[in-house]
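*Asks:* I have a structure here, written as structure tokens, and I will follow up with some questions on it.
Any read-out appearing in this document is the output of simple, stated calculations on the displayed coordinates, not a laboratory observation. All of these numbers come straight from a predicted model, not from anything done at the bench. Cβ coordinates were reconstructed from backbone atoms using ideal geometry, including for glycine residues, and neighbour counts include every protein chain displayed.
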Amino acid sequence: MRNWLAMLMVVGMVAGCVHRSVSDGYQGAVDSTVHVENHHWGDVNIFLLHDGQRTRLGTVTAASDATFTIPWRIIGSAGQLQLEAHAIALPGTLDSETMSYRAGMQINWTLETNLERATLSTY
């Protein structure tokens, strides 16, 4: 009888320590996308500037386009982000204006031959 009582106590303590993750049902847990259309002569590296950090999203080859994902977890409590385009082997770097992050947002960035003429739209 004593063994059964001890076994029930152990099972009860273990069951009390198990809990479901709150973030599983978090409605803001939606990744965002960045679609970059590159009209520039060369390849361009795309970076995400957020919370004092610089995260590389990827490379868009010359005269092509690419889509990158921004995981919702990397955006901090400030919710501000900025994009940076850095031309590879050619002079030129461009920072976008600062944007407020919204879960599931879509960003379209068109880079022209002169990076200063780039256009940005968010949805």
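*Asks:* List pairs: first residue in region 32-48 and touching a residue at least 24 places away in the same chain (Cβ under 8 Å), second residue surrounded by fewer than 16 Cβ atoms within 10 Å (Cβ to Cβ) and of a type in the set (Lys, Arg) anywhere in the structure, Cβ distance under 9 angstrom, at least six positions apart or on different chains.
*Replies:* The qualifying pairs are Ser32/Arg102; Asn45/Arg56; Ile46/Arg56; Phe47/Arg54; Phe47/Arg56; Leu48/Arg54; Leu48/Arg56.
*Asks:* Among the numbered criteria (1) within 18 Å of the chain's Cα centre (by Cα); (2) closer than 11 Å to His35 by Cα; (3) not charged (D, E, K, R), which single criterion is violated by Met99?
*Replies:* Evaluating Met99 over (1) within 18 Å of the chain's Cα centre (by Cα); (2) closer than 11 Å to His35 by Cα; (3) not charged (D, E, K, R) leaves (2) as the failure.
*Asks:* Out of Thr67, Thr93, which single residue is closer than 13 Å to Ile46 by Cα, of a type outside the set (Gly, Ala, Ser) and free of Cβ contacts under 8 Å to residues at least 24 places away in the same chain? Outline the logic, then answer.
*Replies:* On the way: Thr67 fails: free of Cβ contacts under 8 Å to residues at least 24 places away in the same chain.
Within the list Thr67, Thr93, the selection yields Thr93.
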